[in-house]
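Have a look at the structure below before the remarks.
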Amino acid sequence: MSNIPEELRYTREHEWARREGDKIVVGITDFAQDQLGDVVYLSLPEVAASVEAGKPLGEVESTKSVSDVYSPVSGTVAEVNLTARDDPAMVNQDPYGGGWMVSIKPSEPSAFDALMTAAEYSEFLKSEAGESH
Amino acid sequence: MKPANPTEWELSTTRSLSGSENMALDSAGLEDNDAGYRVRIYSWSPPALSVGIHARIDQGVIDRCRTRGVEVIRRSTGGGAVLHDGDVTYSVSGPDPGLSTLDLYALISRPLIAGLRMLGVTATVERHPFTAIPLACFAQQSGADIGVRGRKIVGSAQVRRNGRFLQHGSLPVSDSRPLTRELLGHSDEDKSTYLARLVPGIAWDGAAEALIAGFSAEWGSPKLSTFALG
């Protein structure tokens, strides 16, 4: 049973988002890190890069697989988690804390509210599990 | 629950293409949103060192490859460096079936293991997690590689992007470990094995036919096609 903190918002691509002041912090969910396996490399954007909702902002290389990380919102990258980039295992160990990936200054702050709630994400995971069996 | 096999798939075999041509074809499978499952069995000419998308290689490796006439190219998949010198390489691409990394490996491992079994080789999926990208890919076992009694025989790598996936891998026919060590510039012990050690006298054609037969046995008859570059 994966961990889905109540206070965060989520995407169908298994990213989470947290509002911090006027920024939105983004990472991948506990479900995602579990599915990927051991994360060995993070490819993250540069500060000041533009990101677009639904488009890749970086890549995660896990045990023998490379997957895109999608931006939940459009905006500009304000900060990049260099600690996690140097120690990608943090994404597995602490996906919602030390494993955060980027902080974005959104072009539309209200876009955060359109993301899935914890309850909606939990339902989404259940429906995905149902479809693959 | 066993991941379900594809019901329709296309097969092609390409021989003696260069590293950049081979990687272009594999990338095309990853990017063609209209394509179903595609399996390609292929060989390389000249020999090539394919390097994982995030792996670092130093100038010394590049210089030694140039001296030896070995092409160096980047893969779009992860992992380390693999020497392609007479190996049978496979690639599978298609719409992302929404499986976990390991389940997608399991889906593709079954036809590979079935193909090896037809040559009298009993192979299994090996799962030993590691936490860094080793440069000498075959010197380590990781994720869901295929091995024979603990020795890696098929090394694979995967990428998933925009609702599609690509997985490709290498089955060495002859022993490429000495040349790999020379090109990468290290002498780490490599516990991998190669097909001719297990099936004396096996050549590329026999190995390729066995892998194709393995895919057909597990996934049914393919539609035959030739993929075009460009």
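Observations on the structure shown:
- Among B:Ala207, B:Ala123, B:Ala196, the residue with the largest mean-square fluctuation in a Gaussian network model of chain B, with springs joining Cα atoms closer than 10 Å, is B:Ala196.
- Signed unit charges on C-beta, dipole axis of the protein assembly as shown, positive-most listed residue B:Ser18, A:Gly37, A:Phe124: B:Ser18
- Per residue of B:71-78, other chain Cβ atoms within 10 Å of the residue Cβ number 2 on average.
- Shape of chain A, Cα gyration tensor, a/c cut at 1.5: oblate
- Cα lying deepest toward the dipole's positive end in the protein assembly as shown, options B:Leu198, A:Trp100, B:Ile57, charges on Cβ: B:Leu198
- Chains B and A together bury roughly 1800 Å² of accessible surface, counting both sides and using a 1.4 Å probe on protein heavy atoms.
- In degrees, nearest ten, helix B:204-219 long axis to first principal axis of chain B (Cα): 30 degrees
- Prolate/oblate/rounded call for the protein assembly as shown, Cα gyration tensor, a/c under 1.5 rounded: prolate
- Dipole magnitude (debye, nearest 20) for the range A:28-133, charges at Cβ of Lys, Arg, Asp, Glu: 140 debye
- Within 10 Å of the Cβ of each residue in A:33-40, the mean number of Cβ atoms contributed by other protein chains is 5.
- In terms of its C-alpha gyration tensor, the range B:30-71 comes out oblate, because a/c is 1.5 or above while a/b does not outweigh b/c.
- For peptides A:66-76, B:51-61, sequence by mean Cβ density within 10 Å, most packed first: A:66-76, B:51-61
- Take each peptide in B:17-26, B:164-173, count the other Cβ atoms within 10 Å of every residue, and average; sorted highest first, the result is B:164-173, B:17-26.
- Counting Cβ atoms of other protein chains within 10 Å of each Cβ in B:96-104 and taking the mean gives 4.
- Proximity of backbone amide H atoms, modeled 1.01 Å from N, is registered between B:Ser18 and B:Ser45 at under 5 Å, excluding neighbours fewer than 5 places apart on the same chain.
- For chain B, the longest principal axis of the alpha carbon atoms and the long axis of helix B:19-31 meet at an angle near 30°.
The values are calculated or read from the model by the stated rules, or taken from the named source; none is laboratory data. Quantities reported herein were computed from a predicted structural model and do not represent experimental measurements. FYI the Cβ positions are ideal-geometry reconstructions off the backbone, even for glycines, and counts take in every protein chain you see. Calculation scope for accessible area: heavy atoms of the full protein, side chains included, ligands and nucleic acids excluded. Shrake-Rupley method; radii C 1.70, N 1.55, O 1.52, S 1.80 Å.
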